[in-house]
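Contents: one structure, followed by commentary.
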Amino acid sequence: MEKFKKYADVAQESIAYYYHNEDPGQFLNNVYPLSSEEDNKVFNYWWLAHLVDVRLDAYLRTGQECYLEQAEMTYHYNKHRNHDTLIHEYYDDMLWNALAALRLYKETSKGEYLRDAEEVCRDIFDTAWNDSAGGGFAWKRTQIYYKNTPVNAPIMILALRLYQITEETDLLKICKRTLAWMKETLVNPETKFVEDGINRNEDGKVDYDWKFTYNQGIYIGALVEFFNVTKNHSYLDEAVQCAKTSLDVLVKDGVFDDEGDGGDIGLFKGILYRYLVLLYKKTGLAFISEFIESSCTILLDNRMKPEGYLLAYRDWTITEEPMAVFLADQLSGVMALEAASVIE
């Protein structure tokens, strides 16, 4: 829709307006307003992977080369700051950067991006799977017993996208094993709601209290990629059920409910928008497009600022100025508006 295309441009411009930092070593501030340089001490590696993604969203929507240039510049800054590699302690952080790399490869055909994505996939295959909690990939290298959706779903997305390029049979085989483990361990068999993780405290327990948009989005994304590979509509059927349950459980006052403070959490709903719109493109289901459009309208009504820019606090229902808006919060707003802009 033209309205959302216009505001997607505004959202893209708003990133630099609110978060620009003159120091090339910092690139962007972690928070707006920046009250102290202490706020920039943390290197939020996975946030910048999503910045690569939103710049690619804008490039694909507009065809403007400047957005592709920004995506590549962000990618190289992020990789360089991570010691010139995508390898990291946190497997989920690696995965978001590898997924961004694979999207860059698709648009540029530059071999570096494909090699980086393959290196991440192989590293996780080789080091993260173990029999704790019955299988599954670990969350991070220093907590190998803890298995969660934020690693097990995106490794399937990455590996299945790689499979569509390389046709390496072990990629599909491992993804099928991972999906079976997730269904057995973290997915409600009736509602298809996806829980966050298991065995975090080495007690074999599932974290049923952590109900996050993030987990629903990446599970939907994995199922969509299984459909792309197999053309088996049962994967889409399950993804649709997961999407319906997500809206039933996680929406309040027309938007995804505020999931809490802490920076990282601000990105969660944006990830669900990213994969909801991919599901919509496969199914054309009205309930998905209607929610995306109506919730983004609420975002615009409440979070457009008098200076003409968008400041997307994590709670889209409030109009008053919050104490701080993380870059992660802002990126979710951009992801949502980019999703709304491609719905026809």
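The values are calculated or read from the model by the stated rules, or taken from the named source; none is laboratory data. Note that this is a predicted model, so its numbers are computed, not measured. As a convention, Cβ positions derive from the backbone with ideal geometry for all residues, glycine included, and neighbour counts pool all protein chains shown. Calculation scope for accessible area: heavy atoms of the full protein, side chains included, ligands and nucleic acids excluded. Shrake-Rupley method; radii C 1.70, N 1.55, O 1.52, S 1.80 Å.
Tell me, Kirkwood radius of the chain from alpha-carbon pair distances, in Å?
About 20.2 Å, per the Kirkwood formula over Cα pairs.
By how many nm would the segment from residue 42 to residue 112 grow when fully extended, if each residue of separation counts as 0.36 nm and the alpha-carbon distance is taken off?
Roughly 22.5 nm would be gained on extension.
From Cα pairs below 8 angstrom and at least 6 apart in sequence, can you work out the relative contact order of the stretch 140-213, rounded to a whole percent?
Value for the stretch 140-213: 32 percent.
How high is the relative contact order of the stretch 244-325, in percent, with contacts defined as C-alpha pairs under 8 Å that are six or more residues apart?
It comes to 26 percent, rounded to a whole number.
How big is the shadow of the Cα convex hull of the stretch 164-309, averaged over all directions, in nm²?
Approximately 11.1 nm², given one-decimal rounding.
Using a 1.4 angstrom probe and counting only protein chains, how large is the accessible area of residue 139 in Å², to 10?
Rounded to the nearest 10, that gives 60 Å².
Strictly over 22 Å apart at the Cα level, which of 211/269; 173/282; 3/281 would you flag in this model?
In this structure, 173/282 exceed 22 Å between Cα atoms.
For the chain, build the charge dipole from Cβ charges (+1 Lys, Arg; -1 Asp, Glu) around the Cα centre, then report which of 34, 256, 283 sits farthest towards its positive end.
Of the listed residues, the answer is 283.
Given q = 0.14, 0.20, 0.29, 0.32 Å⁻¹, what are the Debye log10 I(q)/I(0) values for the stretch 280-329, with equal point scatterers placed on the Cα positions and solvent ignored?
-0.44, -0.72, -1.07, -1.20
Please give the solvent-accessible surface of residue 87 in Å², to the nearest 10, using a probe radius of 1.4 Å with every protein chain present.
About 50 Å², rounded to the nearest 10.
Which one of 216, 306, 78 is farthest out on the positive end of the charge dipole of the chain, using unit charges on Cβ (Lys, Arg +1; Asp, Glu -1) and the Cα centre as origin?
Checked the options; the winner is 216.
Would you kindly derive the ³J(HN,Hα) couplings of the stretch 24-39 from the backbone phi angles with the Karplus curve 6.51 cos²θ - 1.76 cosθ + 1.60 (θ = phi - 60°), listing them in order in whole Hz, with x for Gly and Pro?
x, x, 9, 6, 9, 6, 6, 8, 10, x, 7, 8, 7, 5, 4, 5
Explain nothing, just the number: dipole magnitude of the stretch 167-240 about its Cα centre with +1 on each Lys and Arg Cβ and -1 on each Asp and Glu Cβ, in debye rounded to the nearest 20.
140
What residues have an amide H closer than 5 Å to that of residue 129, excluding those fewer than 5 places away on the same chain, when H is modeled at 1.01 Å from N in the peptide plane?
Under 5 Å from the amide H of residue 129: 138.
Is there a quick way to get the dipole size of the chain? I mean about its Cα centre, with the Cβ of Lys and Arg at +1 and of Asp and Glu at -1; what is the value in debye to the nearest 20?
In total the dipole reaches around 1000 debye.
For the stretch 33-162, just the Cα atoms, rotate onto the principal axes and tell me the three extents in Å, largest first.
Here the Cα extents, ordered largest to smallest, are 47, 40, 24 Å.
Pairs of alpha-carbon atoms within less than 8 angstrom and 6+ residues apart define the contacts here; what relative contact order does the chain have, in percent?
RCO, the chain: 19 percent.
For residue 79, give me every one of the lysines with a C-alpha distance below 19 angstrom, ignoring sequence neighbours fewer than eight places off in its own chain.
41, 106, 110, 140
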